[in-house]
1. Kindly list the number of the only condition in (1) at positive phi; (2) out of contact with any strand residue (DSSP E or B) (no Cβ under 7 Å at 6 or more places or on another chain); (3) of a type outside the set (D, E) that fails for G92.
2. Please state which one of G398, G368 is within 19 Å of the chain's Cα centre (by Cα) and surrounded by 14 or more Cβ atoms within 10 Å (Cβ to Cβ).
3. Consider only pairs whose beta carbons are under 9 Å apart and that are at least six residues apart or on different chains; among these, list those whose first residue lies in region 251-266 and is within 16 Å of K113 (Cβ to Cβ) and without any contact (Cβ under 8 Å) to a residue 60 or more places away in the chain and whose second residue is of a type in the set (A, V, I, L, M) and crowded, with 16+ Cβ neighbours inside 10 Å.
4. Kindly establish whether L389 is more than 20 Å from K211 (Cα to Cα) and under 21 Å from the mean Cα position of the chain (by Cα).
5. Out of I246, I279, I250, I271, which single residue is within 26 Å of P334 (Cα to Cα) and either part of a helix (DSSP H, G or I) or of a type in the set (V, I, T) (or both)?
6. If you check I88 against the conditions, is it over 24 Å from the mean Cα position of the chain (by Cα), outside the structural domain of I200 (by TED's automatic domain parsing), within 21 Å of I304 (Cα to Cα) and among the β-branched types (V, I, T)?
7. What tally of residues in region 71-91 results from selecting those that are surrounded by fewer than 21 Cβ atoms within 10 Å (Cβ to Cβ), of a type in the set (A, V, I, L, M, F, W, C) and touching a residue at least 60 places away in the same chain (Cβ under 8 Å)?
8. So, of the residues in region 32-48 that are of a type outside the set (G, A, S) and surrounded by 22 or more Cβ atoms within 10 Å (Cβ to Cβ), which turns out to be farthest from T365 (Cα to Cα)?
Amino acid sequence: MKILVIGSGGREHALAHHISQSEQVEEVFVIPGNDAMANVATVVRDIDETDQSKIADFASSYNIDWVIIGPEQPLIDGLTDVLTAQGIKVFGPNKEAAQIEGSKSFAKQLMKKYDIPTAAYEIISTKEQALAFLKNHSAPIVLKQDGLAAGKGVVVAMTEQDALNAIEEFYADGDTEVVFEEFLEGEEFSLMVFVNEEFIIPFDCIAQDHKRVYNGDTGPNTGGMGAYCPVTHFDPTILTKTNEQISMPISQAMKKEGLEYFGLLYIGVIITVEGPKVIEFNARFGDPECQVLLTRLETDFIDILNALEAKKPIQLSWSEDTVVGVVLASKGYPKSYIKGVSVEGYDGELDYYISGLKQDNGWKTDGGRVMLALGKGRTLEEAVHASYLNVERIKSDGLFYRTDIAHLGIKNNG
């Protein structure tokens, strides 16, 4: 079997690595990949992930059995539609179904229609309306840009000034849809669910990521500064409630709406006093949650795909280890940052998943989030220690990282 992974980040590095371990897989290709992925796959750097026709030609000429789309943009752009029209099997929803991530207003309206628990909201299109709304709705309040923003188009405004600053930023170029949500109190987690229309295979292991850029969950939102799994300090019934109240209903809702969803649905969940509620949906694996979850997952990914396609249940198997991942990011991220800074200490080891490195007389930074250092252990504390040992092996003047990844797990387990 030949597999083609689309994408160039740490999530795709982890997917390619996990899939390459399957005895059913002869070869894994990655388009466009990055220089570090050569340790697990054949990297095809001369095709861009936006070039749908070249990707389709490649998949046909190389007799690819499955195309697995990692990032959100190719899904939103309809790559799945182009490939399936040529008879190529794709893991990743089509353009219409991917709206659940591509449009926050679409997702909120779908949840409202089908009574799926989420924060109360208002969709506002002009700056004037937004300022008027703020006068009647005091902070804290959450503002979300409609459309894709790589995890950074969300402002949790704890003060009125924070909200005013966000309004100025979001409407700087004129009218646009912004979702204003009530602020929800509670702890968050990430649930991954394999979906084939109304049939689902939920992960029975959840992860917790860290969206804020600085220690103590402060600063602006990012694509994610670290993650760990499993999360053991929640009441075990929370996962059951989440699947009963969110995972199954949203899959059934999409089916009723005529959305042919086949792929991975990411559910960002917050546990409130009223129970689990949806923070956001993504139409693909979360990053960096994917890296820690797949490191712990022992079930063959191809077996999961086959079960999903046939709509047959499958019992997932997990390592007994706890897994922690710490993101090393370019200084300045999530705002402007400099590329091309030297990085030493990395030599292709699979204790790291790479999202922003390139070979140029040594390793140089080539993105905002550069790499994720993994750690495994029998306890969360052991895994945290192991991950930061791997962080310390990396030497660069251009990187920074949080020093408190998994702090909620350690606090609550204690």
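The values are calculated or read from the model by the stated rules, or taken from the named source; none is laboratory data. Since the model is a prediction, treat every value here as computed from it, not as a measurement. Reconstructed Cβ throughout: ideal geometry from the backbone, glycine too, with neighbour counts over all protein chains shown.
1. All conditions are met except number (2).
2. Details: G398 fails: within 19 Å of the chain's Cα centre (by Cα).
Among G398, G368, only G368 is within 19 Å of the chain's Cα centre (by Cα) and surrounded by 14 or more Cβ atoms within 10 Å (Cβ to Cβ).
3. Every condition considered, the pairs that remain are S251/V193; S251/V195; S251/I200; S251/L265.
4. Working: more than 20 Å from K211 (Cα to Cα): yes; under 21 Å from the mean Cα position of the chain (by Cα): no.
Against the criterion (more than 20 Å from K211 (Cα to Cα) and under 21 Å from the mean Cα position of the chain (by Cα)), L389 does not qualify.
5. Working: I246 fails: within 26 Å of P334 (Cα to Cα); I250 fails: within 26 Å of P334 (Cα to Cα); I271 fails: within 26 Å of P334 (Cα to Cα).
Residue meeting the stated conditions: I279.
6. Details: over 24 Å from the mean Cα position of the chain (by Cα): yes; outside the structural domain of I200 (by TED's automatic domain parsing): yes; within 21 Å of I304 (Cα to Cα): yes; among the β-branched types (V, I, T): yes.
So I88 passes the test.
7. Going through region 71-91 one residue at a time, the tally reaches 1.
8. First, the residues of region 32-48 that are of a type outside the set (G, A, S): 32, 34-35, 37, 39-40, 42-48.
Of the ones still in play, those that are also surrounded by 22 or more Cβ atoms within 10 Å (Cβ to Cβ) are 34, 37, 40.
On the way: N34: 12, M37: 15, V40: 20 Å.
Result: V40.
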